[in-house]
Amino acid sequence: MLSPEDAYTSTLEALKMGYSLIDTANAYVNERAVGRAIKDSGIDRKIYLP
């Protein structure tokens, strides 16, 4: 399992590379770190919402 900091860094780098699907699950215990990375990425989330 990734540490919260590793989950944050990995997610942020993936978003910078163009990934648009990030898998989270309660069992991964990565929701906060992923959410923080999405927020910090500066990507407009509205472009991905229907």
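Quick note: the coordinates plus some simple rules give every number you see, no bench work behind them. Worth saying up front: this structure is predicted, and the values here are computed from it rather than measured. Backbone-built Cβ (ideal geometry, glycine too); neighbour counts: all protein chains shown.
For the chain, find the longest principal axis of its Cα atoms and tell me its angle to the long axis of helix 4-16, 0 to 90°, nearest 10. The two axes meet at around 30 degrees. Our Cα-only numbers for the chain put the radius of gyration and Dmax at 10.6, 32 Å. Placing a pseudo-label 7 Å from each Cα along the Cα-to-Cβ vector at Ala14 and Val29 gives an inter-label distance of 1.9 nm.
Estimated purely from DSSP H runs of n ≥ 4, each contributing -39500 (n - 2.57), the mean residue ellipticity at 222 nm for the chain is -15000 deg cm²/dmol once divided by its residues. Taking 7 Å steps out from each Cα toward its Cβ at Ile22 and Glu5 produces label points 1.8 nm apart.
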